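*Asks:* Dropping a structure here in structure tokens format, bear with me for questions.
Every number in this text was worked out from the coordinates using simple rules, so none of it is lab data. Keep in mind the model is a prediction, meaning the values are calculated, not measured. Glycine gets a Cβ as well: all are built from the backbone with ideal geometry, and neighbour counts include every protein chain shown.
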Ligand SMILES: N[C@@H](CCC(=O)N[C@@H](CS)C(=O)NCC(=O)O)C(=O)O
């Protein structure tokens, strides 16, 4: 049991002191959701293995009263199993399955493309001692020089934003992905958004983006956990002529599951349109 209600948390941070990793951000939120205080062990990418006494090369990692727990998902499972009387992170097994699906989609649609659009910014904001390692490892990962990969992002950013419509639609009808209150699904996606805020030196989202409300409420949770002063501004993306709209106006894409069939009066207009003779 956590002594003094405190759990040791191995952070992964930038020179600004802001946490960088989506996994580490999500885990910070998970620990706070369970009501714990964090005893933060600071540090960047260099020397994780040494810092953790040989326990891990990857973060997050926590130590709960001497017990090491690794991996963001492993930590969430541990917290819910060990502290079942505290608010659940994954209140039902379906939330685990759906959260994995959501996270996989979000990485493919957004985190990957954003990484390719901000990889040099990412490196530039790292701790001095991390810069060589981050340059080399990320250039191998991305298969290109970071500056070359990042170039031309003005072209890509509005398209990435437009891909986020499924998330906007889900949050149109619910304050949180968890329903009336946030759960690990919210923290998982929010963790990636905060990673984005830690690296993005030019805004990835429009000022009017409907996601802004959910993001900002998420940042306010737990006494402003997501409001580190080192984070960059997320809003201010201005599409240029010919760019796609960075988000759809309300009602624009509210078909299928989002359009409730309450009888013919609710569908007549659409039926007429698709049965009209040319
Ligand atoms: N499956 C792991 C993935 C963790 C992970 O890949 N962490 C990255 C940070 S985003 C890391 O520690 N990287 C160390 C490095 O790049 O050397 C989890 O969910 O915790």
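*Asks:* For segment 172-217 and segment 123-165, compute the distance between their C-alpha centroids and round to whole Å.
*Replies:* With segment 172-217 and segment 123-165 each reduced to a Cα centre, they are spaced 21 Å.
*Asks:* Something else about it: Once you have the Cα-Cα distance between residue 277 and residue 50, take 0.36 nm times their residue separation minus that, and quote the gain in nm to one decimal.
*Replies:* Fully extending the segment from residue 277 to residue 50 adds 74.5 nm.
*Asks:* When DSSP assigns beta bridges and you keep just the ones with both residues in the chain, what percent turn out antiparallel, to the nearest 5?
*Replies:* For the chain, the DSSP antiparallel bridge percentage is about 60.
*Asks:* Kindly identify segment 159-278 as rounded, prolate or oblate by the Cα gyration tensor criterion: order the square roots of the eigenvalues as a ≥ b ≥ c, call it rounded if a/c is under 1.5, otherwise compare a/b with b/c, prolate if a/b is larger, else oblate.
*Replies:* oblate
*Asks:* May I ask for the distance between the Cα centers of segment 55-74 and segment 1-24, given as a whole number of Å?
*Replies:* Using only Cα atoms, the two centres lie 11 Å from each other.
*Asks:* Also, quick follow-up: Would you mind getting me the FRET efficiency between residue 174 and residue 128? Use the beta-carbon distance for r and R0 = 30 Å, nearest 0.05.
*Replies:* My answer for the efficiency is 0.10.
*Asks:* Just check segment 3-82 against the gyration tensor rule for me: Cα atoms, a ≥ b ≥ c as the square roots of the eigenvalues, rounded for a/c under 1.5, and otherwise prolate or oblate depending on whether a/b exceeds b/c.
*Replies:* prolate
*Asks:* Taking a ≥ b ≥ c as the square roots of the eigenvalues of the Cα gyration tensor of the chain, is the shape rounded (a/c under 1.5), prolate (a/b larger than b/c) or oblate?
*Replies:* In terms of gyration-tensor shape, oblate.
*Asks:* Take the alpha-carbon positions of segment 46-134, form their convex hull, and give its projected area averaged over all directions (one quarter of the hull surface) in nm².
*Replies:* Projected over every direction and averaged, the Cα hull of segment 46-134 covers 7.7 nm².
*Asks:* Can you give the extra length, in nm with one decimal, that the chain gains between residue 213 and residue 147 once fully stretched, where that is 0.36 nm per residue apart less the Cα-Cα distance?
*Replies:* Extending this stretch completely gives an extra 20.5 nm.
*Asks:* Here is a follow-up. Which order, highest average first, do 233-240, 27-34 follow once you tally other Cβ atoms within 10 Å for each residue and take the mean per peptide?
*Replies:* 27-34, 233-240
*Asks:* Right, another one. As an exercise, use a Förster radius of 45 Å and the Cβ-Cβ distance of residue 57 and residue 156 to find the FRET efficiency, rounded to the nearest 0.05.
*Replies:* After rounding, the FRET efficiency stands at 0.90.
*Asks:* Size of segment 128-216 along its principal axes in angstrom, Cα-based, largest extent first?
*Replies:* Over segment 128-216, Cα extents along the principal axes are 44, 28, 20 Å.
*Asks:* Would you calculate a helix-derived [θ] at 222 nm for the chain, using -39,500 (n - 2.57) for each DSSP H run of n ≥ 4 and dividing by the full residue count, to the nearest 500?
*Replies:* -14000 deg cm²/dmol
*Asks:* Where does helix 211-224 land angle-wise versus the long Cα axis of the chain, in degrees 0 to 90, nearest 10?
*Replies:* Roughly 30 degrees, rounded to the nearest 10.
*Asks:* Between residue 101 and residue 241, what length comes free when the chain is fully extended (0.36 nm per residue of separation minus the Cα-Cα distance, one decimal in nm)?
*Replies:* That works out to 47.0 nm of additional length.
*Asks:* Compute the acute angle (0 to 90°) between the alpha-carbon long axis of helix 93-106 and the principal axis of greatest extent of the alpha-carbon atoms of the chain; round to the nearest 10°.
*Replies:* Result, in degrees: 80.
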